[in-house]
Amino acid sequence: MGRLFWEVIQRSTTGPIMSEEEFETERLPSVLASVQAKYKIEADPDEPIMADPDMADAVFKAGMELLLELGLYCQDTKRVIHFTEEEIKEAIATARHEVVLGQGRDEMRLSPRAPGDTKHPYSWSPAGAMTTNIDTYRTHALTVVQEPACDGVIPIPLFGVNDTKVVAETPAHTLVCLTEARIMNDVAGWAGRPGLFFGIPMSATTPITLMSTFDSGLYNKHNCTLPVQILMDMRVNFDRFNLVFFAEQQGLEPWMSCSPTLYAYLTGPEQGAIEIIAQSLGMLAYSGGALTQAMSVSVHGVYSGNDISWCNSAAALAAERNLQLPWLSIGSTVDPGGPMSDGAWYGTALSIINACISGMEATWLSGGSTGLEARWAGEISRAAAGLSPSEGIEVIKKILTAERAPAPPSTKIDKLYDLKTLRPIPEFVDHYKKFTRIFKEWGLEYPSWDE
Amino acid sequence: MATIEALRTLVSETKPEEAAEMTAELLAAGLDPMEILEAGVMDGLSDVGDRFAAKKAIVLDLVRAGVTAKACIPLIQDAFPEGEGQQYDKKIVLGTMLSQHNIGKNLVSTLLSIGGFEVIDIGEKNSPFDFYETAEKSGADLIAVSVVFAPAMEKFTELIDLLKELKVRDKYPVIVGGAVTSKAWAEKEGADGWGEQAKDGVLLARDLLGIA
């Protein structure tokens, strides 16, 4: 945990009292607007990526100033936790720059990589399906873990265990999360990958479920991390502190995460990037984590668009140049078209190329929920690793203007895979080959099975 | 000079004090309260909504616009001649599902009240059961749900399922609206009506409750 952990808890009981409404509707917007103006941070709506080192440094300074000026709001005590510049600088100076996740052949060492680095970002694909049917969930996961280019997985939240639906904050919730963990271990073992990394427990949303799941040992310090993320728009609560302390006690890697919602209290991607930096520094101070996930989403319900990719790239580049924490963002655009749509495959490529040229160390939720999409994500990650920012932006602009065939009706796993052999059906392979051809024509050379 | 167009601009620019002052001036000048409400306040709100859809405004602007409207609406309500507004013997349970947002919901509440309905406003952070329980206790005729954040969408589905399970789905028409909703989504989830704007709530209620 962070050096300031105990101090932060004390400050949560002694800091200035403020209503949450004042914090979110007055203080946050005014300080954000002020630092954005001071550092002249403006996005070009026509540019999908922010690759300017000077602006990245400005985003970092603005984020630092936002944290120092605004502080973190503790929902339990209605008080603001403030930091000094020296404290945050010390947190940065003593931060870890490398984390090791997974074991054995699946061990990953996430260490700093610059934009254009030939070392590829690790690709963590979703495993499972949004269902209560355990067999369906397992089948999806099996198709993913068998893919060699899939470096780790992120379990998709289970909705229940067959007839037992999730009832939040009850043992049913823990049962569902334990089932998720059991299936992840089972399928990884089946694929001969017992050291595979499973990301975070995605079916758990409460501290008690998280702690109970780790207590089982199915998720542990080798194969999983514990979310200690800050709450939306610079807020914390006692749950966050309890999770940090639990991570410390169990030797678990904290999963720091921030997902700003653009157009709620933030005016656009610039403020999203600034807030990501401020929140990351706040988390760093209290949790002592290193692994940081940062992705923006729009209040309009989308994960794609120039504003989203600009925000994610600006924050990542700012962090890469000034923090060098192991950094990741989303590896898809959550396209609703499904596995056979063009939009989903282009979206995955766009997000992963963004990660490559913005200096990220990994992507999560990369691709879709099928193995072939995981393969696509992992291969694109390797293929785009050496691209310079300008080369990457050129490819991204081609993606944005590429023609897209109408998305076919949603297709289930049994129509995409031969469930006896777990091999994709020829039509699905053809879809994959179509994209490998397109990207090879655009100059990406990489090892694939499209021979 | 006080004009309805100027009031619309003040609401759109979210200036509550100035908008309230101008509303009072317009009423004192004898302009039709309904005209002030619709062409001044409601259209001003629509302007903010349009800017929001174009990513030129944020949720906070919608909130501020709601505060501005709230500063004007009581003045307009008071200006309606006593007994002029028709009152229907129809009760509507209205609330925000899950989240703490209330501006859109409050606006719908005001418009439904002006429109002659008895509104039972159950506030914010409601569960599906809250809507059902209040409807049963109050003898409501319709349930209106504000869904502003994505997690609340799932809860709306739970409400529809709950009403079916308790065999009261036919008893309560359910309408929905809010920032994250769409007509297609509302229809898919089984809502009886979807409102894009606050004033749509009144039209839907009239239609579903058979009021000409």
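The values are calculated or read from the model by the stated rules, or taken from the named source; none is laboratory data. The structure displayed is predicted, hence computed values, not measured ones. As a convention, Cβ positions derive from the backbone with ideal geometry for all residues, glycine included, and neighbour counts pool all protein chains shown.
For this structure, a couple of remarks:
- Set side by side, the residues A:132, A:139 differ, and just one is more than 17 Å from residue A:218 (Cα to Cα) and in a helix (DSSP H, G or I), which is A:139.
- Condition check for residue B:196: free of Cβ contacts under 8 Å to residues at least 24 places away in the same chain and either surrounded by fewer than 19 Cβ atoms within 10 Å (Cβ to Cβ) or farther than 28 Å from residue A:20 by Cα (or both): yes
- With respect to the stated conditions, residue A:341 fails to be farther than 30 Å from residue A:221 by Cβ, within 14 Å of another protein chain (Cβ to nearest Cβ) and in contact with an Asp or Glu (Cβ under 8 Å, 6 or more places away or on another chain).
- Hey, residue B:39 closer than 15 Å to residue B:10 by Cβ and in contact with a Gly (Cβ under 8 Å, 6 or more places away or on another chain) or not: no
- Lone qualifier among B:108, B:63 - being surrounded by 15 or more Cβ atoms within 10 Å (Cβ to Cβ) and either small (Gly, Ala, Ser) or in contact with a Leu (Cβ under 8 Å, 6 or more places away or on another chain) (or both): B:108
- Residue match in the range A:425-446 (condition: without any contact (Cβ under 8 Å) to a residue 24 or more places away in the chain and either part of a loop (DSSP other than H, G, I, E, B) or under 18 Å from residue A:127 (Cα atoms) (or both)): yes
- Restricting the range A:41-75 to residues that are in contact with a strand residue (DSSP E or B) (Cβ under 9 Å, 6 or more places away or on another chain) and closer than 21 Å to residue A:89 by Cβ, the residue that is surrounded by the most Cβ atoms within 10 Å (Cβ to Cβ) is A:72.
- Of all residues in the range B:114-152, those being basic (Lys, Arg) and away from chain A (no Cβ under 14 Å) number 1.
- Residue A:123 vs. criteria touching a residue at least 60 places away in the same chain (Cβ under 8 Å), of a type in the set (S, T, N, Q) and buried (at least 16 other Cβ atoms within 10 Å of the Cβ): yes
- Selection count, the range A:386-415, where residues are over 21 Å from residue A:304 (Cβ atoms) and modelled with pLDDT of 95 or more: 3
- Residue in the range A:326-342 that is in a helix (DSSP H, G or I), in contact (Cβ under 8 Å) with a residue 40 or more places away in the chain, surrounded by fewer than 21 Cβ atoms within 10 Å (Cβ to Cβ) and at negative phi present: yes
- For residue A:245, the stated conditions hold: it is surrounded by fewer than 18 Cβ atoms within 10 Å (Cβ to Cβ) and over 20 Å from residue A:127 (Cβ atoms).
- Leading residue by the ranking (nearest to the other protein chains (Cβ to nearest Cβ)) among those in the range A:36-57 that are touching a Lys or Arg at 6+ places or on another chain (Cβ under 8 Å) and touching a residue at least 60 places away in the same chain (Cβ under 8 Å): A:48
- The lone criterion from (1) surrounded by 14 or more Cβ atoms within 10 Å (Cβ to Cβ); (2) outside any loop (DSSP other than H, G, I, E, B) left unmet by residue A:386 is number (2).
- Qualifying residue in the range A:410-432 (condition: of a type in the set (Gly, Ala, Ser) and under 27 Å from the mean Cα position of the chain (by Cα)): yes
- Selection count, the range B:162-182, where residues are within 11 Å of chain A (Cβ to nearest Cβ) and either surrounded by fewer than 21 Cβ atoms within 10 Å (Cβ to Cβ) or of a type in the set (S, T, N, Q) (or both): 3
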